[in-house]
Structures are given as C-alpha cells and as structure tokens.
1. With Ala51, Ala21 as the choices, which residue is at pLDDT 85 or above and touching a His at 6+ places or on another chain (Cβ under 9 Å)?
2. Does any residue of region 65-73 turn out to be at pLDDT 85 or above, polar (S, T, N, Q) and outside the structural domain of Gly85 (by TED's automatic domain parsing)?
3. Of the residues that sit in region 34-93 and are small (Gly, Ala, Ser), at negative phi and assigned to a helix (DSSP H, G or I), which one is farthest from the chain's Cα centre (by Cα)?
4. For Arg100, only one of the following conditions fails: (1) in a helix (DSSP H, G or I); (2) at pLDDT 50 or above; (3) not polar (S, T, N, Q). What is its number?
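The values are calculated or read from the model by the stated rules, or taken from the named source; none is laboratory data. These figures come from a predicted structure and were not determined experimentally. So basically every Cβ, Gly included, is an ideal-geometry build from the backbone, and we count neighbours across all protein chains shown.
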Amino acid sequence: MPFGRDLAPSMLHRHTSHGEAVARITWCVDQRAIGVITGEVGAGKTVAVRAATANLDPSRHVFIYLANPTIGVRGMLTHIVAALGHTRLPQIRPGTTGRRSAGHRTRRTGPPPRAGRRRSPPAG
C-alpha cells in the first residue's frame with residue numbers, strides 16, 4: 001500500500017467529485033442535517049469526510065463513523081446512542097411509535113372523551 005490510512009487531507013490531489021463530496025458534507029454540517037455517503041471501496045469517502053471536518057471544532061460537533069453497513073437499523077441506532085454517551089436504546093412497545101413509547105406525549109386523534117358517559121357491558 002503506497003499510503004497509510006492517516007494521510008492528511010492537505011496532501012491529496014483534489015478532483016471535481018472530491019470537491020463536490022466535501023461541499024455536500026459541509027452543507028450537511030451547516031444545516032445540522034444527517035448525511036450518508038456511499039461509494040465503491042477506494043472512492044475517497046473517508047478522505048472527503050476528513051477534509052470536510054478537519055477544521056471543525058470537536059467540542060461543537062459530534063462525528064459518528066459507521067463503517068459497517070451490514071449492522072442493520074437497530075445496530076446503527078445502538079452505535080449512535082453509544083457514541084452520544086448513552087447506554088441503551090429506549091424500549092419500543094409493539095403497536096406504538098418510537099416517540100410515544102419513549103415517553104413523549106402525542107396528540108390525540110379524534111374527539112376527546114366525554115365525561116359521564118360509559119360503555120355498557122355486553123349482555124350475556
């Protein structure tokens with residue numbers, strides 16, 4: 001291998017696709033958005049991320065690198081939660097949304113219940 005993995009972004013030959021990737025990553029950071037970068041092995045994904053984030057203040061930004069795409073959604077969420085300093089994901093009960101089961105209030109749908117009216121028990 002002619003170069004190590006810790007090659008400084010300033011030592012790279014910049015080409016159009018690299019510049020576009022860096023610009024898109026920078027846009028995600030500016031917009032406080034989540035970004036996903038995909039590409040063939042050796043395409044320069046990691047190098048573009050390092051170039052885009054090299055001058056950012058790590059005390060103001062959290063960078064989470066997910067190198068294994070085969071871990072699935074739950075694996076990605078677990079990795080993100082751990083990287084943010086938490087120990088586990090909130091439990092999600094079947095038939096509820098993640099926000100509702102995590103203790104967030106949700107807005108009721110339909111009319112509010114009426115006071116003083118009860119359902120009669122079934123006959124029988």
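1. When all the criteria are applied, what remains is Ala51.
2. No, because not a single residue in region 65-73 is at pLDDT 85 or above, polar (S, T, N, Q) and outside the structural domain of Gly85 (by TED's automatic domain parsing).
3. Restricting to residues being small (Gly, Ala, Ser), at negative phi and assigned to a helix (DSSP H, G or I), the top hit is Ala51.
4. Unmet for Arg100, out of (1) in a helix (DSSP H, G or I); (2) at pLDDT 50 or above; (3) not polar (S, T, N, Q): (2).
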